[in-house]
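Presented below is the structure to which this report refers.
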Amino acid sequence: MPGAVRPGERRAFARLGMALFLAALAMLFLAALVGYVLVRLRADDAIPVRLPAVFWWSTATLVASGLALVAAVRAAARERGRRLRLALLASAALAAAFVALQVPGMAQLLEEHRAASGDRPSHQGLVLSIVLLHAMHVLGGLVPLGVVVARGLAGRYDHERHLPIRLLATYWHFLEAVWLVTLAVFVAF
């Protein structure tokens, strides 16, 4: 059939699309972090940012969720249906835990911003904005995660057809890297 896209081409297009999407997101997060660093460097009174302790716990859950997706990709490639389902469910549960842990951390940042903004400029507002930007992308990632989990539970993936899990894992690893870099920037500046 003329004009039909072969499966190999479809996979290549999907990977290219993910690469372009992540490149655009990388520029967005890089711009936000560079802006934060510039504001911090120009501040007369550089008060250190106090990150909520719960952020360190949420970081562990985000990384663990990504590792569960790695296990899911391996399980799908090896036709291990039970392991695939368990890994997908674990990833979803850990992603939900990340979100649940982020909420009190963001509430604490908001409270500190309100308390500090009365007598001097607060950088907590910038921190909160960048954390919210990341949170929006995690929340957005929960939708395809839910779809992948549902399809995985329905037995729709095998050694030949598991590209959606791979693409989701790539996106999730990107979010992990962004979160780790963001925390490092907050600690350093």
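The values are calculated or read from the model by the stated rules, or taken from the named source; none is laboratory data. Owing to the predicted nature of the structure, the values given are computational and were not obtained by experimental measurement. Here the Cβ positions follow ideal geometry from the backbone for every residue, glycine too, while neighbour counts run over all protein chains shown. Note: accessible area is taken over every heavy atom of the protein model, side chains too, but ligands, DNA and RNA are not part of it. Shrake-Rupley method; radii C 1.70, N 1.55, O 1.52, S 1.80 Å.
R0 = 22 Å: FRET efficiency of A77 with A154, Cβ-based, nearest 0.05?
Numbers: r = 18 Å, r/R0 = 0.83.
The pair A77/A154 has a calculated efficiency of 0.75.
Relative to the longest principal Cα axis of the chain, at what angle does helix 81-116 sit, 0 to 90 degrees, rounded to 10? It is inclined by approximately 10 degrees.
Could you look at the chain and say what percent of its accessible area is carbon and sulfur, using a 1.4 Å probe and all protein chains? Write down the numbers at each step before the final one.
On the way: 6990 of 10470 Å².
Taking all protein chains in place, the chain shows 67 percent carbon and sulfur surface.
Between the helical axis of 7-42 and the longest alpha-carbon principal axis of the chain there is an angle of about 10 degrees. Rolling a 1.4 Å probe over the protein heavy atoms gives the chain an accessible area of 55 Å² per residue.
Give the longest segment of the chain that steers clear of trypsin sites (Lys or Arg not before Pro) in DSSP loops with at most 14 neighbouring Cβ atoms within 10 Å, not counting the sites themselves. For trypsin sites (Lys or Arg not before Pro) (loop position, at most 14 other Cβ atoms within 10 Å), the longest site-free span of the chain is 79-155.
Mind sorting out which of (i) 16.9, 58; (ii) 19.4, 70; (iii) 14.9, 42 is the real Rg and Dmax of the Cα atoms in Å computed from the coordinates? Calculated Rg and Dmax of the Cα atoms in Å: the matching label is (ii). Using the rule -39500 (n - 2.57) for each DSSP H run of four or more residues, divided by the residues of the chain, the 222 nm mean residue ellipticity is -29000 deg cm²/dmol. Across the alpha-carbon atoms of region 20-128, the computed radius of gyration and Dmax are 18.7, 61 angstrom.
The angle between the Cα long axis of helix 163-188 and the longest principal axis of the Cα atoms of the chain comes to about 20 degrees, rounded to the nearest 10.
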